[in-house]
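Just below is one structure, and these are the notes that go with it.
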Amino acid sequence: MAALLELRHITKRYDAPGEQQVSVLQDIDLTVEEGEFVAILGPSGSGKSTLLRIIAGLVRASSGEVRYRGQPIKDTNPGVSMVFQSFALFPWLTVLENVELGLRYKPLSEEEKRQRALDVIDMIGLDGFEGAYPRELSGGMRQRVGLGRALVMEPDILLMDEPFSALDVLTAENLRRDLLELWLERKIPTKSIIMVTHGIEEAVYMADRAVVLSRDPATVIADIHIGLPHWRERKEEAFTRLVDRIYSILTHSREAHQKTLITASGAQRRYVVLPPVQAGALTGFLELLDDLEIKSDLYKLADEIMFDLDELLPIVEAAQLLGFATVSQGDISLTEVGKRFAAANVLERKEIFRAQLHERLPIFERIRWVLESKRNRRMPREFFLEVIRKNVGTEEAESQLDTIIDWARYSELFAYDESTKVLYLEDDDEAAHA
Ligand code: ADP
Ligand code: MG
């Protein structure tokens, strides 16, 4: 019998603006059987979302084949539905209408659609909120609606793209449990779940398999069986051993990537995906590293400061990207620049940060160049959003730009006016950067 889902030699190239094509996925083979919950892990920008979209048939692979129950997928995949990180709800529709939307192409009567939507709303714990609009809901409830809209279609395969990463810790944990309960107790007819995540603990907590991707381009570098019985305890030894193992595979691939970044630096003009980390969190982390011993084991460090490793990794990634820290065999240490930064006063820090942005992340220079070229030194956010969309796709663009603006504001590279949504250079800026 054919497997539920098969990916054969999937390769994906994007046209990079002004360059040749960039290879994102390379020769990905993956088979998912009925009953499996598969987590896909990999660094930011490695191609996890692209892979999910290819499975869903929303994006076409450059070459290779997706098969659903043995049938090659030519258009959208009829067996899947997707939950997005950004919830992707329609603000002008109620909870009920948003959920019903999942059924718009199903050959059901209006009445049947309504009943199925109401049943799902009940199941996901939103009973009583049928008539509410998304803006009236908390983030956790909005994501429940996102989940409801996917579940109402009764897909064979549920695809989830970092479904919990926009939620606070407690809300995320609640939703993880509720979903896991629906899945384990077979309250939903879903045959398989594929979840993209950057959370190692999340993967080990929920999934049966952890598939780890490398980057530039992404290939499958590990496919790890997680054979622990549910419900799993994060503190148990078998659990932490698995987390450790996946973690070391991921950091290994990150080290390798760092090397290619360094050898390519200068010539590196391509868009680098930023992890969604605020400059303030990063500076705090660098100070902490400076206060600790020279080298710290990341896993222990996370434990000591009572952070989830999952929360810490994006910060570590940002520190590496900016050249403030290096990770080697699970130990993180500050670079010379990182040490200088940690020891500097506020003004010096801004300067160092600016220099690192300049050297490593071309997008900041490009934005600045545009602003400098404008007589009024202002440009709407929407303009840059369009540019970033071309590099990271629509769904990631908003949050990428938020991170860019946050880092730029911190280092006073350029400013941003929330109310008019305009990026601009300050009046006295010319002197400061001359
Ligand atoms: P992940 O989900 O692992 O963070 P993505 O799949 O979003 O990664 O992106 C992988 C790579 O593909 C990134 O380098 C990104 O810039 C690029 N990319 C994603 N979508 C597009 C697009 N629509 N156009 C051009 N490049 C894209
Ligand atoms: Mg993604």
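The figures follow:
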quantity: Test: ASN98 is more than 13 Å from ligand 2 (Cβ to nearest atom) and closer than 29 Å to HIS225 by Cα; calculated: no
quantity: Residue satisfying all of: in the stretch 102-135; of a type in the set (A, V, I, L, M) and either more than 24 Å from ALA172 (Cβ to Cβ) or in contact with a Cys (Cβ under 8 Å, 6 or more places away or on another chain) (or both); surrounded by the most Cβ atoms within 10 Å (Cβ to Cβ) among these; calculated: ALA117
quantity: Subset tally (residues that are out of contact with any Lys or Arg (no Cβ under 7 Å at 6 or more places or on another chain) and over 14 Å from LEU250 (Cβ atoms)) for the stretch 176-208; calculated: 22
quantity: Of all residues in the stretch 367-400 being touching a strand residue (DSSP E or B) at 6+ places or on another chain (Cβ under 9 Å), aliphatic (A, V, I, L, M) and assigned to a helix (DSSP H, G or I), the one that is nearest to ligand 2 (Cβ to nearest atom); calculated: ILE367
quantity: Given (1) more than 12 Å from ligand 1 (Cβ to nearest atom); (2) assigned to a strand (DSSP E or B); (3) buried (at least 20 other Cβ atoms within 10 Å of the Cβ), index of the condition LEU25 fails; calculated: (1)
quantity: Residue that is modelled with the lowest pLDDT, among those in the stretch 64-96 that are buried (at least 16 other Cβ atoms within 10 Å of the Cβ) and out of contact with any Asp or Glu (no Cβ under 9 Å at 6 or more places or on another chain); calculated: PHE87
quantity: Which numbered condition VAL211 misses (of (1) touching a strand residue (DSSP E or B) at 6+ places or on another chain (Cβ under 9 Å); (2) part of a helix (DSSP H, G or I); (3) within 26 Å of ILE249 (Cα to Cα)); calculated: (2)
quantity: Residue within the stretch 410-419 that is aliphatic (A, V, I, L, M), under 24 Å from SER46 (Cα atoms) and more than 16 Å from ligand 2 (Cβ to nearest atom) present; calculated: no
quantity: Among residues of the stretch 51-70, those that are in contact (Cβ under 8 Å) with a residue 12 or more places away in the chain, outside any helix (DSSP H, G or I) and within 13 Å of ligand 1 (Cβ to nearest atom), counted; calculated: 4
quantity: The stretch 81-123, residues that are outside any strand (DSSP E or B), small (Gly, Ala, Ser) and either at positive phi or within 27 Å of the chain's Cα centre (by Cα) (or both); calculated: SER86, ALA88, GLY102
quantity: Scan of the stretch 36-50 for residues that are more than 9 Å from ligand 1 (Cβ to nearest atom) and under 14 Å from SER253 (Cβ atoms), ordered by number; calculated: LEU41
quantity: Leading residue by the ranking (farthest from ligand 1 (Cβ to nearest atom)) among those in the stretch 363-384 that are surrounded by fewer than 16 Cβ atoms within 10 Å (Cβ to Cβ) and under 29 Å from SER49 (Cα atoms); calculated: PRO380
quantity: Test: ARG241 is modelled with pLDDT under 90 and either assigned to a helix (DSSP H, G or I) or basic (Lys, Arg) (or both); calculated: no
quantity: Matching residues in the stretch 3-59 - criterion: being more than 16 Å from ligand 2 (Cβ to nearest atom) and of a type in the set (S, T, N, Q); calculated: THR11, GLN20, GLN21, SER23, GLN26, THR31
quantity: Given (1) more than 16 Å from ligand 1 (Cβ to nearest atom); (2) polar (S, T, N, Q); (3) buried (at least 18 other Cβ atoms within 10 Å of the Cβ), number of the condition GLN400 does not satisfy; calculated: (1)
quantity: So GLU181, is it more than 16 Å from ligand 1 (Cβ to nearest atom), at pLDDT 95 or above and either within 15 Å of LYS48 (Cα to Cα) or surrounded by fewer than 18 Cβ atoms within 10 Å (Cβ to Cβ) (or both); calculated: yes
quantity: Given (1) surrounded by fewer than 18 Cβ atoms within 10 Å (Cβ to Cβ); (2) within 27 Å of ALA207 (Cα to Cα); (3) touching a residue at least 40 places away in the same chain (Cβ under 8 Å); (4) in contact with a Ser or Thr (Cβ under 7 Å, 6 or more places away or on another chain), number of the condition PRO155 does not satisfy; calculated: (1)
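Quick grid of which residues meet (1) more than 16 Å from ligand 1 (Cβ to nearest atom); (2) closer than 23 Å to PHE84 by Cβ; (3) among the small types (Gly, Ala, Ser):
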site	(1), (2), (3)
VAL169	yes, yes, no
ARG177	yes, yes, no
ARG186	yes, no, no
TYR205	yes, yes, no
VAL211	no, yes, no
ARG234	yes, no, no
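The values are calculated or read from the model by the stated rules, or taken from the named source; none is laboratory data. No experiment lies behind these values; they were computed from the predicted model shown. Note that each Cβ is placed from the backbone with ideal geometry, even for glycine, and that neighbours are counted across all protein chains shown.
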